[in-house]
Amino acid sequence: MAYSLKILSVYPQEITESGHDEIYLKINGENFWPPAEKYRRISRHQTIDIFQSKDHLSGQSTIELWEKDDISSDDLIARIVVEDPKGVFKKERRTQSGDGGTYEIIYELHPQ
Ligand SMILES: [Ca+2]
Ligand SMILES: [Ca+2]
């Protein structure tokens, strides 16, 4: 059964750098958000609304939250594996830590 994955928001309880992080999202290894930039700056306790969907998924999908760096390679902060919701609408909230940061990601799984 196919489904759509809609990322609602990203919220950092802690960020990885001083001042702000430069974040971007990948789904299944492909750049997903932000659509027209390499990254978006985010401060601690700042919610960023995303409201962007990836359609026609099947089986497991992987959401990755990355932090862009200039000199070293980018840092992986969170890696979330979602399952096919099997026909049932789901809204999930996951919190993960990586590279000293802790981020909450809220997303929905819509059966298609
Ligand atoms: Ca950075
Ligand atoms: Ca970094």
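Quick note: the coordinates plus some simple rules give every number you see, no bench work behind them. Everything numeric in this text was worked out from a predicted model, so none of it was measured. Counting neighbours? That spans all protein chains shown, and the Cβs are built from the backbone with ideal geometry, glycine included.
Observations, loosely collected:
- The set of residues from region 32-53 being basic (K, R) and in a loop (DSSP other than H, G, I, E, B) comprises K38, R44.
- Within region 17-58, the set of residues being loosely packed, with under 15 Cβ neighbours inside 10 Å, in contact (Cβ under 8 Å) with a residue 40 or more places away in the chain and within 16 Å of ligand 1 (Cβ to nearest atom) comprises just one member, E17.
- Scanning region 5-16 for residues that are surrounded by fewer than 20 Cβ atoms within 10 Å (Cβ to Cβ) and more than 13 Å from Y103 (Cα to Cα) yields a total of 2.
- The residues of region 59-89 that are at negative phi, touching a Phe, Trp or Tyr at 6+ places or on another chain (Cβ under 9 Å) and away from ligand 1 (no atom under 16 Å from the Cβ), listed by number, are S61, I63, I80, V82, D84, P85.
- Filter result (of a type in the set (A, V, I, L, M) and either touching a Ser or Thr at 6+ places or on another chain (Cβ under 6 Å) or loosely packed, with under 11 Cβ neighbours inside 10 Å (or both)) within region 69-87: I71, V81, V82
- Filter pass, Q13 being assigned to a loop (DSSP other than H, G, I, E, B), touching a residue at least 12 places away in the same chain (Cβ under 8 Å) and of a type outside the set (G, A, S): no
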